[in-house]
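I have placed the structure first, in the form of structure tokens, so that the comments after it can refer back to it.
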Amino acid sequence: MITMMIKIKLMPGKKKEFLDTMQSLQNEKKNLKGISGTKVYEDVEDADGFNLVDDWETDEDLERYRSGENFKVFLGALKTLCAETNVILGPTQQQTGDVKQEGEKDG
């Protein structure tokens, strides 16, 4: 099993829109092959902070999701709603920085 955790900080005033969007996207994600759990946690110390946690059965399942249309929609939502993101994959892999869609150039 591999876990993908995304720590985010919302832009001011985006909390309701974020929660509505995540509810819809998380419901869709639950039907994907290889997902064994997906949760959204609110940071108790930061009203604009959230942790999104997905548990995937295999690396291949996670990579299939990350290369699919659902993940592109998810990234688009994060770009619109979040000021900061930090993606952590499993116990040792980590990616940080701005959220970009695959193939997008730094601007």
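Read-outs: derived from the displayed coordinates by stated rules, not from any lab. The structure presented is a predicted model; accordingly, all values stated were derived computationally and were not measured. Cβ atoms come from the backbone with ideal geometry, glycine included; neighbour counts cover every protein chain shown.
In this simple spin-label model, placing a label point 7 Å from the Cα along the Cα-to-Cβ direction at both Lys72 and Asp59 gives a separation of 2.5 nm.
The coefficient of translational diffusion for region 1-51, derived via Stokes-Einstein from the alpha carbon Kirkwood radius under 20 °C and 1.002 mPa s, stands at 178 µm²/s.
Grab the Cα-Cα distance for Lys16 and Glu45, subtract it from 0.36 nm times how many residues apart they are, and report the gain in nm with one decimal. Show your work: numbers first, answer last.
Values: separation 29, 0.36 × 29 = 10.44 nm, distance 1.78 nm.
Taking 0.36 nm per residue and subtracting the Cα distance, the gain is 8.7 nm.
By the equivalent-ellipsoid construction on the alpha carbon gyration tensor, region 10-96 comes out with semi-axes of 22, 15, 12 Å, ordered largest to smallest.
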